[in-house]
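A quick write-up on the structure given underneath.
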Amino acid sequence: MGGWARCGVVALGALLAGCLGGDKGAEDSAAGELSDEGGGEGGEGAGPSSSDPPLVGFIGSPCATDADCPYDGGLCLDAPPGGVCSLPCESTCPDADGFPVTFCVDADLLGDPRIPSGGACVSRCDLGHYPSEGCRDAYGCSVEARFGEPDTERYACLPGRPSDLSVCHRELAAMGAPFEPTVIPPATPAGVPEAECSVQDAVLLRGPILGVSLLGTSGDSPAALQTACEAGLALVDTIETVAPLGVVGLRHYGSYNCRVISGTSEVSRHGYGDAIDFYGFVFEDGDELTYVDDWVHEDPSPSEPGAAWLRDRALQWHEERIWNVLLTPDYNAAHHDHVHADLTPGSDFYGRVRAPALGD
């Protein structure tokens with residue numbers, strides 16, 4: 001469904017707002033993973049209410065004694081309600097499978113004398129683990145700086161804090177996408193100091209989404225997508241068009257990349273995180289279709305079933321206005337092995353005629 005139809009899943013107030021207007025180890029494994037501002041809920045000193053049962057036994061979990069935090073150096077801090085498992089830290093914190101990625105914040109935010117100064121480990125906000133609010137009950141998803149590194153911010157779960165989740169974050173969660181809201185700081189593309197990349201409501205999508213895994217261009221290893229929230233919504237809409245057709249894996253080149261359009265000083269839509277490069281699809285029977293192997297160039301009506309399937313999907317995404325701009329492998333040589341999809345404001349373009357190689 002397109003943007004206006006999609007807005008119908010939120011409450012009226014959110015509709016008007018939206019339609020008118022582990023740390024180190026996990027970051028490294030997310031292939032360069034870098035939540036954001038928005039309509040918080042809950043009053044001062046009272047975190048939002050979540051219906052999700054809390055994960056127990058690691059950083060961020062509820063506890064009554066240190067024994068409830070069974071990891072090396074685990075401490076149960078008196079952070080109401082229920083206490084919270086933590087650990088002193090200087091910059092980074094350990095991660096564990098099955099739990100949200102962790103983050104090192106100023107210990108003063110937890111207010112327990114057992115860590116009188118320095119950093120304390122907390123869990124990051126994660127709507128894959130906690131689909132309702134991103135955190136356990138009465139903990140707010142709050143944008144905080146890493147201890148000792150004020151320029152590095154993440155969404156962290158802290159007791160009694162109002163939520164910093166945006167309308168878009170909540171809409172993406174309602175669509176069933178497992179993700180972590182994140183912060184991508186403004187950056188400058190290489191060699192173009194006058195340009196600036198920026199991402200609104202950044203998210204890290206890990207999948208699977210509606211049963212479809214996010215994959216790199218080869219192999220079966222998951223490949224997280226770092227993208228703008230609005231592009232995340234469009235990606236879910238895209239997956240809704242292919243999942244009923246037997247697709248279980250979507251191969252991609254990625255989304256956010258702070259760079260300019262080739263041969264220009266204009267920031268690529270990848271620099272705004274609202275562009276994605278689709279490489280191919282994996283089906284439940286093990287077959288695959290890729291643009292580099294199965295697209296038939298400069299043929300608007302290919303007879304090969306695979307080529308026709310790829311063409312029909314691109315046309316569908318354009319006709320349903322899931323993406324504003326679609327550049328197929330016929331657009332130019334730079335796109336010979338993928339379809340570029342983006343949300344350029346005010347645009348409506350389907351690129352299928354081979355043109356000079358301008359890049360995207």
Practice problem: Figure the gain on full extension for Glu266 and Leu315 (residue separation times 0.36 nm, minus the Cα-Cα span) and round it to one decimal in nm. | Solution: 14.9 nm
Quiz item: Tell me, what are the semi-axes, in whole angstrom and largest first, of the equivalent ellipsoid of the range 40-165 as set by the roots of 5 times the Cα gyration tensor eigenvalues?
Solution: 19, 17, 14
Quiz item: Can you give the FRET efficiency for Thr344 and Tyr253, using 1/(1 + (r/R0)^6), R0 = 22 Å, r = Cβ-Cβ distance, to the nearest 0.05?
Solution: 0.75
Quiz item: Label Ala174 and Ala64 with points 7 Å out from Cα along Cα→Cβ: what is the distance between them in nm?
Solution: 3.8 nm
Quiz item: Along the charge dipole of the range 173-351, which of Pro186, Gly351, Pro208 sits closest to the positive end, that is, farthest toward it, with unit charges on the beta carbon of Lys, Arg, Asp and Glu (+1, +1, -1, -1)?
Solution: Pro186
Quiz item: So how much slack lies between Glu149 and Thr241, counting 0.36 nm per residue of separation and subtracting their Cα-Cα distance, in nm?
Solution: 28.9 nm
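Using the Cα atoms of the range 173-351 to build a convex hull, what is its mean projected area in square nanometres?
Computing the convex hull of the Cα atoms and averaging its projections yields 10.3 nm².
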Exercise. Taking 7 Å along the Cα-to-C-beta vector as the label spot, tell me the Glu284-His336 distance in nanometres, rounded to one decimal.
Key: 3.6 nm
Exercise. Would you mind computing, in nm to one decimal, how far apart the modelled labels at Leu210 and Val56 are, each placed 7 Å from Cα along Cα→Cβ?
Key: 3.6 nm
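State the percent of C-alpha pairs, over all pairs in the range 90-235, separated by a distance greater than 25 angstrom.
Of the Cα pairs, 33 percent sit more than 25 Å apart.
Here, each number is a calculation from the coordinates, and none is a lab measurement. Here the structure is a predicted model, which is why all the values come from computation and not from measurement. Neighbour counts run over all protein chains shown; Cβ positions are idealised from the backbone, glycine included.
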